Amino acid sequence: MIMEVLRSILKKPATNLYPAEKLEMAEKYRGELKFYPERCIGCKLCMRDCPTGAITIRKVGEKKFEAEIDLGKCIYCGQCVDSCLKKALEITKHIELAQLDPKKLKVVFGHEQAGESPEKPSQGAAE
Amino acid sequence: MHNSKEFKIPIGPQHPALKEPESFSVALRGEKILGVDIRLGYNHRGIEKACEERSYVQDIYLIERICGICSHAHATAFIQAVEEIAHLAVPERALYIRTLVGELERVHSHLLWLGVAGHEIGFDTLLMYTWRDREIVMDILADLTGNRVNYGINSIGGVRRDISPAQVKDVLKAVDKLEERTKYYIEVATEETTIIKRLSGVGVLAYDDAIKLDAVGPTARASGVARDVRRDDPYAAYDKIQFNVITDTHSDVYGRTVVRVKELMESYGMIREILKKMPEGPIAIKAPPRRIPAGEAISRYEAPRGEDVHYVKSNGTEKPERVKVRAPTLANVQAVKHMLKDRFLADMPIVIAAIDPCFSCTDRSIAIEDGKSRKKNVMTWQELHDYSIKWHRERGFDPAEINRKFHKTMEGK
C-alpha cells in the first residue's frame, strides 16, 4: 500500500491532455469507413448486410457509383467491408466523428473527391 | 419504535442505487425486508422481434448489442445455434479464437464486477484498482477484435479476424500482469477484514435453494452447486482445455466474490493453454450460406454471469423465424428475491449487485391480459396516452390542466 502511494507520487499523470495529445488506436481498430468509388461495381451487398442501413450506394453514371454513409447510424461493425467483393470499402482508425450538426454526419464519397480522404466532417469535432 | 408498522417503499424504476431502470417494491417492517416484488419491463427493446426482421448476418450485430458486458456470449450462443441448424463445420482455429475472446471477456467482466461490488460496499479503492487493471484486458480485446466492447469477432461459420504471433505475445504479457494483480485481489478478498465482515452472511442462498430456484453461474457455484456449461455441455474448444469448476460453500455474497476472483485465475490458465494449443488453419468456412435450412436449435453458453440460452428457429429463408434469448440474470432474479427476504434494507444494493445483474438483457415485454375475458390486447401509443390521462384524472390529477397552466405561465413571461 505504502509502495503504491509512493509510486503514485512520482508517476506522471495517467490521463492524457486529450485534444493536444491523441491516443494511438489499436492497429485494426474499427473506425470511420472509407469508400473507393473506382472499385465499386454496384452489387449493393454492403447495403444488404448493413445491420442499421447506414450505407447507401447510388448510381451516378455509367458504371459510376457513390456511397452515402450515415455516421450517426453506423455501428462500426465493419460487416460491409467483409461483404464487399471488390474491396471498395475500408475501415480506418479515424474515431473523432462527433458533430454538432446532424447533417454533417452524412458523408458522401463521390467520384470528384476520389483519392482525397474526406477530412471535412472531422474538423468540427474538436471544437 | 416503528417496528410494528409495515410499509412498502418503491425502489426504482429510477433510483440512484440502480444502474438500470427496474422496479423493486420492497415491503418493510422497520429495517427488515419482508418481501420484494420485482417487476421487469422498463428496459425492453424488442430485440427478439427485431431479429426476425433482419437477416442472419445482421442479427449477429444486433444480438451482440443485447449486452455491453457479455456481448461475445450472446453473439456466440446465437451463432452456435445457427451453425447447428445449417450443419456447418467450423474450423478448429476459429473455435479456439472464440474461446479465447470468451475467456478474455470473462476476465474483464469479473474485474468489472469486483469493482462494482467494492463500490456498493463503500470500498472505492477496490473499484479504482480493478478498473485500472481492467483497462489492460480492454486494450487487448481492442487489439484482437477491433473494439473494446461489441467485438464483432463472430461470423457464420468462423471468426472474422485471425490472431498474429505478435498479438499472442501481447496477450501473454497482459495475462502475466493481470495474474500478478489478481493474486493481490485474492489476498484482499481473503484477508481484508472490512470485506469479510461486510459480505459474510449477506444474501445467503443455501445449496437446496440454489437448486430449487435454478440459480446459474457464479451465484450457483458460490452455493456449492458445481454447474458450469463449459464442463457440462462443452462448446467451442472447451472440451480440449483443462480447467476446474470453482465452487465455494459460503453461499453468501462473500462466497460469490471468492468464486469470481478464483475464476479469474482459472481463466488466465485457460488463455495460456488456448494460445499454446491453437492449431494452424483457416479461421472461417468459405462462402458462408445466407439461407439457413429449416430447423431449430438450442444453444447454451457460459457467460460470465451464468448460463445463457438461445433458441433459434429457421424456415429456410435469409431471416430467422424465431429467436429467443434467456439471459443469465433472468434465471437469477428469483434467487435475489429469496436472498433479500428477512435481510436489512441496507444490504439490498450489494445483494442485487452480487448476481451481477444485467436488466437490459433480462427484460421481457408485458402483455396486458383482461382479468375477466382473459383476452390479451395490445395498446397503441395513443391508447396508452389516453389511458394514462384517464388514470390520473380518476385520482384527482389532471395532466392536461397542468400542461395548460404551464404554457400560460411560460407565455406570460
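Looking across region B:218-245, the residues that are touching a strand residue (DSSP E or B) at 6+ places or on another chain (Cβ under 9 Å) and open to solvent by 70 Å² or more (accessible area, probe 1.4 Å) come down to B:Arg231, B:Asp232. Taking region B:38-58 as the range and being farther than 16 Å from B:Arg326 by Cα, in contact (Cβ under 8 Å) with a residue 24 or more places away in the chain and of a type outside the set (Ser, Thr, Tyr) as the test, the residues that pass are B:Ile38, B:Glu52, B:Glu53, B:Arg54, B:Val57. Of all the numbered requirements in (1) surrounded by 14 or more Cβ atoms within 10 Å (Cβ to Cβ); (2) acidic (Asp, Glu); (3) at pLDDT 90 or above, B:Glu192 misses one, and that requirement is (3).
Considering region B:1-40, and only residues there that are of a type in the set (Gly, Ala, Ser) and touching an Asp or Glu at 6+ places or on another chain (Cβ under 6 Å), the residue that is farthest from B:Ile69 (Cα to Cα) turns out to be B:Ser25.
Residues in region A:9-45 that are more than 11 Å from chain B (Cβ to nearest Cβ) and either assigned to a helix (DSSP H, G or I) or at positive phi (or both): A:Ile9, A:Leu10, A:Pro37, A:Glu38, A:Arg39, A:Gly42, A:Lys44. When region B:197-217 is limited to residues that are of a type in the set (Val, Ile, Thr) and crowded, with 16+ Cβ neighbours inside 10 Å, the one that is farthest from B:Ser251 (Cα to Cα) turns out to be B:Val216. For region B:39-59, does any single residue satisfy the condition of being assigned by TED's automatic domain parsing to the domain that holds B:Ser155, touching a Cys at 6+ places or on another chain (Cβ under 6 Å) and crowded, with 23+ Cβ neighbours inside 10 Å? Yes, there is a match, as at least one residue in region B:39-59 is assigned by TED's automatic domain parsing to the domain that holds B:Ser155, touching a Cys at 6+ places or on another chain (Cβ under 6 Å) and crowded, with 23+ Cβ neighbours inside 10 Å.
Can you name the residue in region B:137-146 that is at negative phi and surrounded by 22 or more Cβ atoms within 10 Å (Cβ to Cβ) and is also farthest from the other protein chains (Cβ to nearest Cβ) among such residues? Working first, answer last.
Step one: filter region B:137-146 for residues at negative phi, giving B:137-145.
After this cut, where a residue has to be surrounded by 22 or more Cβ atoms within 10 Å (Cβ to Cβ) as well, the list is B:137, B:140-141, B:144-145.
Working: B:Val137: 13, B:Ile140: 9, B:Leu141: 9, B:Leu144: 8, B:Thr145: 8 Å.
In this case the residue turns out to be B:Val137.
Among all positions in region B:174-196, there is no residue which is on the phi > 0 side of the Ramachandran plot and within 13 Å of chain A (Cβ to nearest Cβ).
More than 30 Å from B:Met128 (Cα to Cα) and crowded, with 16+ Cβ neighbours inside 10 Å - does that describe any residue in region A:13-33? Break it down stepwise before answering.
Let us first name the residues in region A:13-33 that are more than 30 Å from B:Met128 (Cα to Cα), namely A:32-33.
Narrowing the set further to residues that are crowded, with 16+ Cβ neighbours inside 10 Å leaves A:32-33.
Yes, some residue in region A:13-33 is more than 30 Å from B:Met128 (Cα to Cα) and crowded, with 16+ Cβ neighbours inside 10 Å.
The values are calculated or read from the model by the stated rules, or taken from the named source; none is laboratory data. Not measured: the values here are computed from a predicted model. Here Cβ is always computed from backbone atoms with ideal geometry, including for glycine, and neighbour counts include all displayed protein chains. The area values use the complete protein model at the heavy-atom level, side chains included, leaving out ligands, DNA and RNA. Shrake-Rupley method; radii C 1.70, N 1.55, O 1.52, S 1.80 Å.
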